[in-house]
Amino acid sequence: MNDIWMSGKLLETPTLNTKGEGVSWSRFLLKNTSQTKNGKTKYLDIKCVAFDKCAAAITYSFKKDDFILVRGRLNPKQYTAKDGSVREGMEIVVR
(Lines give C-alpha, C1' and ligand atoms only; values in the text may rest on other atoms or scores of the structure.)
Protein backbone atom coordinates (compact mmCIF):
# COMPACT_ATOMS: atom_id res chain seq x y z
CA MET A 1 0.00 0.00 0.00
CA ASN A 2 1.16 3.52 -0.81
CA ASP A 3 0.97 5.37 2.53
CA ILE A 4 2.73 8.57 3.59
CA TRP A 5 2.77 10.86 6.62
CA MET A 6 3.93 14.47 6.09
CA SER A 7 4.10 17.49 8.33
CA GLY A 8 4.56 21.13 7.54
CA LYS A 9 3.30 24.66 7.75
CA LEU A 10 0.34 25.70 5.61
CA LEU A 11 1.41 28.26 3.00
CA GLU A 12 -2.13 29.61 2.60
CA THR A 13 -5.50 29.23 4.30
CA PRO A 14 -7.32 26.22 2.77
CA THR A 15 -10.66 26.89 1.05
CA LEU A 16 -13.51 24.45 0.57
CA ASN A 17 -14.66 23.98 -3.04
CA THR A 18 -17.50 21.90 -4.46
CA LYS A 19 -17.83 20.09 -7.77
CA GLY A 20 -21.06 19.85 -9.75
CA GLU A 21 -22.42 16.77 -7.98
CA GLY A 22 -21.77 17.96 -4.43
CA VAL A 23 -18.26 16.54 -3.97
CA SER A 24 -16.30 18.93 -1.78
CA TRP A 25 -12.52 19.27 -1.98
CA SER A 26 -9.65 21.44 -0.83
CA ARG A 27 -6.13 21.87 -2.24
CA PHE A 28 -3.34 23.27 -0.10
CA LEU A 29 0.44 23.53 0.08
CA LEU A 30 2.63 22.42 2.98
CA LYS A 31 6.14 23.75 3.56
CA ASN A 32 8.22 20.96 5.09
CA THR A 33 11.61 21.79 6.61
CA SER A 34 14.46 19.42 7.43
CA GLN A 35 18.14 19.64 8.29
CA THR A 36 20.86 18.28 5.99
CA LYS A 37 23.94 16.48 7.33
CA ASN A 38 26.00 19.68 7.16
CA GLY A 39 23.41 21.63 9.19
CA LYS A 40 21.69 23.55 6.40
CA THR A 41 17.91 23.89 6.35
CA LYS A 42 16.16 22.30 3.38
CA TYR A 43 12.64 23.36 2.33
CA LEU A 44 10.14 21.30 0.35
CA ASP A 45 6.72 22.52 -0.84
CA ILE A 46 4.22 19.65 -0.94
CA LYS A 47 0.92 19.78 -2.84
CA CYS A 48 -2.01 18.16 -1.04
CA VAL A 49 -5.67 17.57 -1.81
CA ALA A 50 -8.46 16.40 0.52
CA PHE A 51 -12.06 15.43 -0.22
CA ASP A 52 -15.47 15.48 1.51
CA LYS A 53 -15.42 15.41 5.34
CA CYS A 54 -11.62 15.51 5.50
CA ALA A 55 -11.56 18.63 3.30
CA ALA A 56 -14.23 20.30 5.45
CA ALA A 57 -12.36 19.50 8.66
CA ILE A 58 -9.08 20.91 7.33
CA THR A 59 -10.78 24.02 5.94
CA TYR A 60 -12.61 24.87 9.16
CA SER A 61 -9.79 23.91 11.56
CA PHE A 62 -6.63 25.39 10.02
CA LYS A 63 -5.37 28.67 8.59
CA LYS A 64 -2.21 30.01 6.98
CA ASP A 65 1.00 29.33 8.97
CA ASP A 66 -0.60 26.57 11.10
CA PHE A 67 1.46 23.40 11.51
CA ILE A 68 -0.34 20.27 10.28
CA LEU A 69 0.37 16.55 10.01
CA VAL A 70 -1.38 14.73 7.17
CA ARG A 71 -1.65 11.09 6.19
CA GLY A 72 -2.50 9.91 2.71
CA ARG A 73 -1.19 8.36 -0.45
CA LEU A 74 1.20 9.70 -3.06
CA ASN A 75 -0.51 10.30 -6.37
CA PRO A 76 1.37 11.00 -9.64
CA LYS A 77 0.04 14.09 -11.40
CA GLN A 78 0.55 15.65 -14.83
CA TYR A 79 0.02 19.37 -15.27
CA THR A 80 0.66 22.11 -17.80
CA ALA A 81 3.15 24.76 -16.67
CA LYS A 82 2.75 28.48 -17.42
CA ASP A 83 5.14 28.13 -20.37
CA GLY A 84 2.87 25.46 -21.91
CA SER A 85 5.11 22.48 -21.21
CA VAL A 86 3.63 19.32 -19.70
CA ARG A 87 5.27 18.35 -16.42
CA GLU A 88 4.94 15.57 -13.93
CA GLY A 89 4.82 15.78 -10.17
CA MET A 90 3.35 14.21 -7.06
CA GLU A 91 0.66 15.22 -4.62
CA ILE A 92 -0.65 13.73 -1.39
CA VAL A 93 -4.29 12.67 -1.42
CA VAL A 94 -5.15 13.19 2.25
CA ARG A 95 -7.34 10.68 4.09
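The values are calculated or read from the model by the stated rules, or taken from the named source; none is laboratory data. Fair warning: this is a prediction, and the values are worked out from it, not measured in the lab. When we count neighbours, we look across all protein chains shown, and the Cβ atoms used for this are built from the backbone with ideal geometry, even at glycine. Heads up: the accessible areas ignore ligands, DNA and RNA and are worked out on the full protein's heavy atoms, side chains in. Shrake-Rupley method; radii C 1.70, N 1.55, O 1.52, S 1.80 Å.
Some points to look at:
- The alpha-carbon of Lys42 sits under 30 angstrom from the alpha-carbons of these lysines, leaving out residues fewer than 8 places away in its chain: Lys9, Lys31, Lys63, Lys64, Lys77, Lys82.
- Annotation for the chain: GluC sites (Glu not before Pro) lying in DSSP loop with at most 13 further Cβ atoms inside 10 Å of their Cβ are Glu12, Glu21.
- Heavy-atom accessible surface of the chain, averaged per residue, reaches 71 Å², computed with a 1.4 Å probe.
- The chain, accessible surface, carbon-and-sulfur percent (1.4 angstrom probe): 53 percent
- From the C-alpha gyration tensor of the chain, square roots of 5λ in Å: 23, 18, 13
- Comparing Gly84, Gly72, Gly22 in a Gaussian network model of the chain (Cα springs below 10 Å), the most mobile by mean-square fluctuation is Gly84.
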